[in-house]
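Scroll down for the structure; my scribbles are underneath it.
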Amino acid sequence: MRLSRYFLPVLKETPADAQIASHRLMLRAGMIRQQAAGIYSWLPMGFKVLRRLEQIVHEEQQRAGHIPLLMPTLQPADLWLESGRYDAYGKELLRIRDRHDRDMLYGPTNEEMITDIFRGYVGSYKALPLTLYHIQWKFRDEVRPRFGVMRGREFLMKDGYNFDLTYEDAMHAYNRHMVSYLRTYERMGLKAIPMRADSGPIGGDDTHEFLVLADTGESEVFYDRAVTDLTLGRREIDWNDRAQLEAIKAEWTTPYARTDETHDEALYTQIPEDRRVKGRGIEVGQIFYFGTKYSEPMGAVVTDESGARVPVHMGSHGIGVSRLVGALIEANHDDKGIIWPESVAPFGAGIVNMKPGDAAVDATCGELYQALTAAGVDPLLDDRDERAGAKFATMELIGLPWRITVGPRGLAEGKVELTCRRTGETEALSPQAAASKLA
Ligand code: ATP
Ligand code: MG
Ligand code: MG
Ligand code: MG
């Protein structure tokens, strides 16, 4: 993309009402525009990042054997009357009436609808196990939408639902979600720690929230420092190997890590003092086993091997895709702007033309642009007629991992500059060498 032809409305001033870094930077970098409280347009560069996160989520869900579909944003109220949540959900639920006076709602989550789909087609245990998911906009009429996309009213969520014959099978699905989530966040360059969460009136301990540590997070967290050293890395995962997934879950959930909702001071003080950490975190996902909570009232039953009709065991598992954009920036920025991890950057590299109109500089920029595009790096070429300082400030603000600076003085010696956004390190090298370093 050539910046002169792109739509990147960067702001010079820091927006006054944005309280946290990610919100400020997303506005300043022209990623989002607020249209109403907690409702945003995703401008081209913000949209690009959102799509990259979605892509990673899709890949990791499908790797774990989960199947994508797409449910609508609007739902009939009838389904929610069946589950009993229409009244229970309260004011967070946006209720809508259509021209025929039918009660509808903008889905805050999809347990009812997915259960309805399941019961419409599946009647035998032979179709199990089954996990269906989608990535779709949700609406929750939050009392206090704030921090930009971090707590929006309309937000993008991946929500997946497992259907299993037995508790044991459903726990295997739970573990698949835990491991696939660990992989997902790691691929995004994020450390998200599974923490035991509150399962509410249902009881049991089969729910975990994934938290990204950040001072601006809304959750208070307590953990054993040891948990932050864990990484999944490139280990080979056999998604059918129950023992392997159980062992990975144990690895992550044995060190103490809880949110304030489930925090247990007595257990916490058993951790050696130098490893105890109290901090804050951003909830970027949650997995939940809830058994037959929806299958029973809504009649999602299958015949088992003996011919008996039994309600299926279910769980639901969410990732806050749009919130992750904010969380990524909270975890990756400095006073100049965003520092994207390579795997989620909107463009792989920026090329700064220091003197548009100079034949040699223009030609080298064009060659670099082509070489990087061919290599799949997806460069952003700043070909605008602007001061060098302004161009560098824009590149630093939008946080592309690499910048190649092309100017007449360097070119006279056959050199361009390659700068790493994260470390600030710069080296002078030939255009070819710079291109092959990024390819
Ligand atoms: P929170 O505690 O932050 O209100 P939640 O527990 O109500 O979130 P879940 O029902 O677990 O949310 O939804 C799954 C994921 O969707 C959350 O882990 C979070 O990442 C994301 N999410 C929830 N509410 C919002 C929101 N208002 N704006 C953006 N993302 C959200
Ligand atoms: Mg909530
Ligand atoms: Mg929560
Ligand atoms: Mg939650």
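Set side by side, the residues Arg234, Arg258, Arg280 differ, and just one is away from ligand 2 (no atom under 16 Å from the Cβ), exposed (fewer than 14 other Cβ atoms within 10 Å of the Cβ) and within 24 Å of the chain's Cα centre (by Cα), which is Arg234.
Which count do you get for residues in segment 244-290 that are β-branched (Val, Ile, Thr) and within 14 Å of ligand 1 (Cβ to nearest atom)? Residues meeting the conditions: 5. Selection within segment 256-307: residues that are charged (D, E, K, R), assigned to a loop (DSSP other than H, G, I, E, B) and closer than 28 Å to Gly320 by Cβ. The member of this set that is nearest to ligand 3 (Cβ to nearest atom) is Glu261.
Put simply, of Val277, Val361, Val312 the only residue that is in contact with a Ser or Thr (Cβ under 7 Å, 6 or more places away or on another chain), at pLDDT 95 or above and among the β-branched types (Val, Ile, Thr) is Val312.
Looking only at residues of segment 323-343 that are surrounded by 24 or more Cβ atoms within 10 Å (Cβ to Cβ) and within 16 Å of the chain's Cα centre (by Cα), we find that the one that is nearest to ligand 4 (Cβ to nearest atom) is Arg323. In segment 282-298, the residues that are over 15 Å from Thr259 (Cα atoms) reach residues that are among the hydroxyl-bearing types (Ser, Thr, Tyr) and part of a helix (DSSP H, G or I) with C-beta atoms within less than 7 angstrom, at least six apart or across chains, in these pairs: Tyr289/Tyr174; Tyr294/Ser83; Tyr294/Thr115; Ser295/Thr115; Pro297/Ser83; Met298/Ser83; Met298/Thr115. Scan segment 86-111 for residues that are surrounded by 18 or more Cβ atoms within 10 Å (Cβ to Cβ) and either of a type in the set (D, E, K, R) or without any contact (Cβ under 8 Å) to a residue 12 or more places away in the chain (or both) and the total you get is 1. Tell me which residues, restricted to segment 103-142, are out of contact with any helix residue (DSSP H, G or I) (no Cβ under 8 Å at 6 or more places or on another chain) and not in a helix (DSSP H, G or I). Across segment 103-142, the qualifying residues are Tyr106, Thr109, Asn110, Val122, Gly123, Ser124, His134, Gln136, Trp137, Lys138, Phe139.
Taking Val149 as the residue in question, decide whether it is touching a residue at least 40 places away in the same chain (Cβ under 8 Å), in contact with a Ser or Thr (Cβ under 8 Å, 6 or more places away or on another chain) and among the β-branched types (Val, Ile, Thr). Spelling it out, Val149 is indeed touching a residue at least 40 places away in the same chain (Cβ under 8 Å), in contact with a Ser or Thr (Cβ under 8 Å, 6 or more places away or on another chain) and among the β-branched types (Val, Ile, Thr).
The values are calculated or read from the model by the stated rules, or taken from the named source; none is laboratory data. In this text, all values refer to a predicted model and were calculated from it rather than measured experimentally. Cβ sites come from the backbone with ideal geometry, for glycine too, and all protein chains shown count toward neighbours.
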